[in-house]
1. Is one or more of the residues making up the stretch 29-36 over 25 Å from H169 (Cα atoms) and either touching a residue at least 40 places away in the same chain (Cβ under 8 Å) or in contact with a Cys (Cβ under 7 Å, 6 or more places away or on another chain) (or both)?
2. Just the residues that are out of contact with any strand residue (DSSP E or B) (no Cβ under 6 Å at 6 or more places or on another chain), of a type in the set (V, I, T) and open to solvent by less than 30 Å² (accessible area, probe 1.4 Å), please, taken from the stretch 32-65.
3. Given (1) closer than 23 Å to A151 by Cβ; (2) in contact (Cβ under 8 Å) with a residue 40 or more places away in the chain; (3) open to solvent by 50 Å² or more (accessible area, probe 1.4 Å); (4) of a type outside the set (G, A, S), identify the lone condition not met by L244.
4. Please work out which one of (1) within 18 Å of V99 (Cα to Cα); (2) buried (at least 21 other Cβ atoms within 10 Å of the Cβ); (3) without any contact (Cβ under 8 Å) to a residue 60 or more places away in the chain is the condition V222 fails and give its number.
5. Search the stretch 68-78 for residues being closer than 14 Å to V96 by Cβ and free of Cβ contacts under 8 Å to residues at least 60 places away in the same chain, and hand back the single one that is surrounded by the most Cβ atoms within 10 Å (Cβ to Cβ).
6. Which one of these does P43 not meet: (1) assigned to a loop (DSSP other than H, G, I, E, B); (2) within 23 Å of the chain's Cα centre (by Cα); (3) without any contact (Cβ under 8 Å) to a residue 40 or more places away in the chain?
7. Which count do you get for residues in the stretch 137-187 that are under 20 Å from Y260 (Cα atoms) and outside any helix (DSSP H, G or I)?
Amino acid sequence: TCLHCPITPIYHGRFFAIPLENVLVDIRTQVVQGAQHITFGDPDFFNGPTHALRITRALHREFPDVTFDATIKIEHLLKHRHLLPELKELGCAFIVSAVESINEDVLRHLNKGHTSANVAEAFDLLEEAGIPLRPSLLPFSPWETLESYIALLTFFEERRLVEHLDPVHFSIRLLVPPGSALLDASDSSEWLGELDEGAYTYQWQHPDPRMDELQRKVAALVEQSERLKADPIETFFHIKVLALAANGQDMDVLSAIERYGTRKALPHLTESWFC
């Protein structure tokens, strides 16, 4: 029921289980063509944890060398933490989760169902289970602040988690397509603009002009970095330089990279993917 998710206004919190054999037929077809890894594209794999384990157990029995990843909500990772060791044994290479922000006001407006403390706990749980958490972010919304954006960057830097996500996540701006559940929010009139039919989204401006300008700069930076195949860690710290500059602060990039220390090599998709 996350309010910015395009699935919410269609399914209204309901979910439908695809029969086990149907899923296995799809997997067999892909493995025959050479697939060695399966991505479960369900927007939240643990809406039905019993069914999810039934599928992954069958996958592992039939194809023990094939790995997989899945998308699981932060709140479900905490609720079903006892299942994480088995997921690892069954071949789970990483888990995607729509973290979005660590700003409590943003999380409340999006009806995410988790807190910033929950996010930190989920990272710790998955590290203990040996499964990397790859979060997706939505750092540019009407409720994020420049200070909380910098705090988000600091969260990943201080916890040595920068390798867990692709730089593009620090550039994502809220989209509000026609039919979005956000349109029914009680405060939408305070920030919602006109519909841009060509872009298929309602326009909005941040109350702090520095945030809109920062989003444009970060988006341009990560696009250029992707074209040049730049080091993601270096890109991250250049993003932080932009954020600090917007707040009248500065930072030495080379010193920050040196302080960050040893890099981790984590499994990930070759194309950026986010919920």
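The values are calculated or read from the model by the stated rules, or taken from the named source; none is laboratory data. For clarity, every value in this text was computed on a predicted model and none was experimentally measured. Quick reminder, even Gly has a Cβ in these numbers, built from the backbone with ideal geometry, and neighbours come from all protein chains shown. Surface areas here come from the heavy atoms of the whole protein model, side chains and all, with no ligands, DNA or RNA. Shrake-Rupley method; radii C 1.70, N 1.55, O 1.52, S 1.80 Å.
1. So the first thing to find is which residues in the stretch 29-36 are over 25 Å from H169 (Cα atoms), and the list is 29-36.
Okay, now just the ones that are also either touching a residue at least 40 places away in the same chain (Cβ under 8 Å) or in contact with a Cys (Cβ under 7 Å, 6 or more places away or on another chain) (or both), so none.
The answer is no, given that none of the residues of the stretch 29-36 is over 25 Å from H169 (Cα atoms) and either touching a residue at least 40 places away in the same chain (Cβ under 8 Å) or in contact with a Cys (Cβ under 7 Å, 6 or more places away or on another chain) (or both).
2. Matches in the stretch 32-65: I55, T56.
3. Failing condition for L244: (3).
4. The number of the failed condition is (1).
5. I72
6. P43 satisfies all of (1) assigned to a loop (DSSP other than H, G, I, E, B); (2) within 23 Å of the chain's Cα centre (by Cα); (3) without any contact (Cβ under 8 Å) to a residue 40 or more places away in the chain except (3).
7. Within the stretch 137-187, residues that are under 20 Å from Y260 (Cα atoms) and outside any helix (DSSP H, G or I) number 5.
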